[in-house]
Amino acid sequence: MSDLPLENDYDVAIVGAGATGLTVACAMAMEDLKIICFDKMFGFDGQQKGDTRTIALLQNSIYLLENLGVWDECKPFAEPLNIMKVIDDTGRFPPVPDASFDASELGPDPFGYNIANDRLVSILAEHARNNPKITLLETDHVASIENHAKMAVVTPFEGQPVTALLVVGADGANSLARRAAKITTTDWKYNQTAMACWFSHSLPHNNISTEYHRKSGPLVLVPMRDNKSGLVWVETPDKANHLMALDDTDFKAQLSEATHGELGDLIDLSKRSAFPLSGLVANDFGKGRIVLVGHAAHVLPPIGAQGLNLGLRDAAMIADIACKANIRGMDPGGPEVIAKYDELRRSDILSRTFTVDFLNRSLIHGWFPPLQATRTIGVQLLKLIPPLRKAVMREGIAPQSNLPPSMLSR
Ligand SMILES: Cc1cc2nc3c(=O)[nH]c(=O)nc-3n(C[C@H](O)[C@H](O)[C@H](O)COP(=O)(O)OP(=O)(O)OC[C@H]3O[C@@H](n4cnc5c(N)ncnc54)[C@H](O)[C@@H]3O)c2cc1C
């Protein structure tokens with residue numbers, strides 16, 4: 001018998017319905033948990049709004065969406081990523097050789113699939129909306145979260161407070177849940193802005209994702225359906241402001257030059273959006289009855305498609321731990337759950353944050369000769385030693401340990 005109070009409105013309250021919050025909701029609803037999720041809007045109405053990001057979802061994230069029964073709806077909008085190329089475009093000495101990673105070296109599956117972020121969020125929202133265990137509550141914002149010994153109280157800006165045993169903070173980089181839990185962060189800024197959009201082109205992309213490493217940061221082309229590609233182009237803030245202000249024709253001319261005409265003529269161009277880059281990692285991933293997932297827990301520069309894939313691993317892990325506790329009649333927001341989540345997510349989050357930060361800094365501070373030489377030697381070793389290359393590819397997709405069962409192929 002559980003010693004929990006019987007009057008709680010919900011087992012789990014999720015603050016934020018981006019991709020990570022909605023994934024937590026769908027994963028927890030696979031078990032017998034009563035869930036409420038708060039955001040100002042759920043999904044999108046088919047009109048392209050501000051979010052022009054496309055997301056490269058890596059293999060284990062695809063397995064997760066398959067296991068949640070969401071992937072079949074995503075797949076018609078997603079394009080496989082078979083080859084990843086990294087090209088040194090810094091012009092520095094010693095030059096780093098080009099590297100190409102082929103998913104077929106690891107097995108029959110592609111590295112992952114690329115999909116528009118707003119499409120993914122919309123499909124997850126629809127799935128959550130159709131699940132009777134999930135309540136979606138539209139509110140301008142959650143105004144307060146209180147951590148109590150036996151429950152948490154979540155109060156939406158315009159509505160009545162609700163109680164829950166566990167609060168999942170999926171409310172992005174400026175997380176209220178993180179502040180409510182009194183979790184401190186280590187954070188920093190980069191003198192960089194990422195521009196994101198997509199475009200169609202005359203030459204085929206051949207399912208190759210290309211990452212140009214440039215002095216100002218990476219420029220990444222990721223294949224999309226219908227011979228389109230997603231673009232993430234990182235520049236200094238001044239250069240990004242200049243590029244954002246160009247009309248489409250001039251922007252395409254600059255893009256074509258930066259990508260050496262690799263995709264032929266650039267045709268239709270979507271809206272562009274700009275994201276000032278920063279880094280953040282929470283010093284704890286759970287406290288009291290609150291855990292953090294996704295951008296609320298960690299923010300990384302867009303290199304190597306790590307951000308949301310890391311966030312989906314948070315989502316799958318808290319769902320796994322809380323559901324197992326609930327099945328055993330334990331408190332899904334109790335101290336054992338919070339401590340276990342913090343312990344199991346720590347090394348993945350910290351190692352990814354360190355690696356992505358190092359890669360980004362090695363580009364912008366590459367004038368430091370030992371750093372450039374280290375990159376050159378590292379890539380040579382990857383080219384020459386297939387087992388090392390395979391190990392790096394596997395680790396790049398996901399850590400090889402501590403993945404919850406929902407992220408494994410069935
Ligand atoms: C240019 C760019 C390209 C990227 N490409 C990739 C990629 O290829 N692969 C990859 O894995 N990652 C990528 N990322 C990272 C990825 O976009 C993020 O990791 C991901 O979007 C974070 O999702 P989230 O759900 O944690 O947060 P968010 O998407 O920020 O969602 C947070 C949600 O919380 C809501 N919210 C906030 N405050 C409150 C409140 N008080 N009350 C209620 N709701 C609230 C917001 O409305 C929002 O809906 C990229 C990032 C950028 C900038």
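Per-structure values
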read-out	value
Check on MET224, open to solvent by 50 Å² or more (accessible area, probe 1.4 Å), in contact (Cβ under 8 Å) with a residue 40 or more places away in the chain and within 16 Å of the ligand (Cβ to nearest atom)	no
Pick from the range 195-218, criterion in contact with a helix residue (DSSP H, G or I) (Cβ under 8 Å, 6 or more places away or on another chain) and assigned to a strand (DSSP E or B), ranking: most open to solvent (accessible area, probe 1.4 Å)	ARG214
Filter result for LEU269 (crowded, with 20+ Cβ neighbours inside 10 Å, of a type in the set (A, V, I, L, M) and closer than 22 Å to ALA56 by Cα)	no
In the range 158-194, the residues that are at positive phi and open to solvent by 70 Å² or more (accessible area, probe 1.4 Å)	LYS182
Close pairs from the range 256-275: first under 21 Å from LYS85 (Cβ atoms), partner within 16 Å of the ligand (Cβ to nearest atom) and open to solvent by 30 Å² or more (accessible area, probe 1.4 Å), Cβ under 9 Å, at least 6 apart	ALA258/ARG214
Residue in the range 244-265 that is within 16 Å of the chain's Cα centre (by Cα), closer than 24 Å to MET393 by Cβ and not acidic (Asp, Glu) present	no
Residues within the range 66-94 that are touching a residue at least 24 places away in the same chain (Cβ under 8 Å), touching a helix residue (DSSP H, G or I) at 6+ places or on another chain (Cβ under 6 Å) and either farther than 19 Å from TRP198 by Cβ or open to solvent by less than 40 Å² (accessible area, probe 1.4 Å) (or both), tallied	7
Selection from the range 230-280 of residues that are assigned to a strand (DSSP E or B) and away from the ligand (no atom under 13 Å from the Cβ)	LEU266, ILE267, ASP268, LEU269
Unique match (being open to solvent by 20 Å² or more (accessible area, probe 1.4 Å), among the basic types (Lys, Arg) and more than 9 Å from the ligand (Cβ to nearest atom)) among ARG328, ARG289	ARG328
Verdict on ASP51 being without any contact (Cβ under 8 Å) to a residue 12 or more places away in the chain, acidic (Asp, Glu), over 29 Å from LEU388 (Cα atoms) and open to solvent by 30 Å² or more (accessible area, probe 1.4 Å)	no
Qualifying positions in the range 152-187 - of a type in the set (D, E, K, R), away from the ligand (no atom under 14 Å from the Cβ) and outside any loop (DSSP other than H, G, I, E, B)	ASP187
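Residue-by-condition table, conditions (1) under 20 Å from LEU106 (Cβ atoms); (2) at pLDDT below 95:
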residue: ASN309; (1), (2): yes, no
residue: LEU312; (1), (2): yes, no
residue: ALA315; (1), (2): no, no
residue: CYS323; (1), (2): no, no
residue: PRO332; (1), (2): no, no
residue: THR376; (1), (2): no, yes
residue: ARG389; (1), (2): yes, yes
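Residue-wise test of (1) within 27 Å of LEU33 (Cα to Cα); (2) β-branched (Val, Ile, Thr).
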site: ALA128; (1), (2): yes, no
site: ILE145; (1), (2): yes, yes
site: ALA173; (1), (2): yes, no
site: THR185; (1), (2): no, yes
site: MET195; (1), (2): no, no
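The values are calculated or read from the model by the stated rules, or taken from the named source; none is laboratory data. On a predicted model such as this, the values are computed, not experimentally measured, just so you know. Quick reminder, even Gly has a Cβ in these numbers, built from the backbone with ideal geometry, and neighbours come from all protein chains shown. Quick note on the areas: whole protein, heavy atoms, side chains included, nothing else; ligands and nucleic acids left out. Shrake-Rupley method; radii C 1.70, N 1.55, O 1.52, S 1.80 Å.
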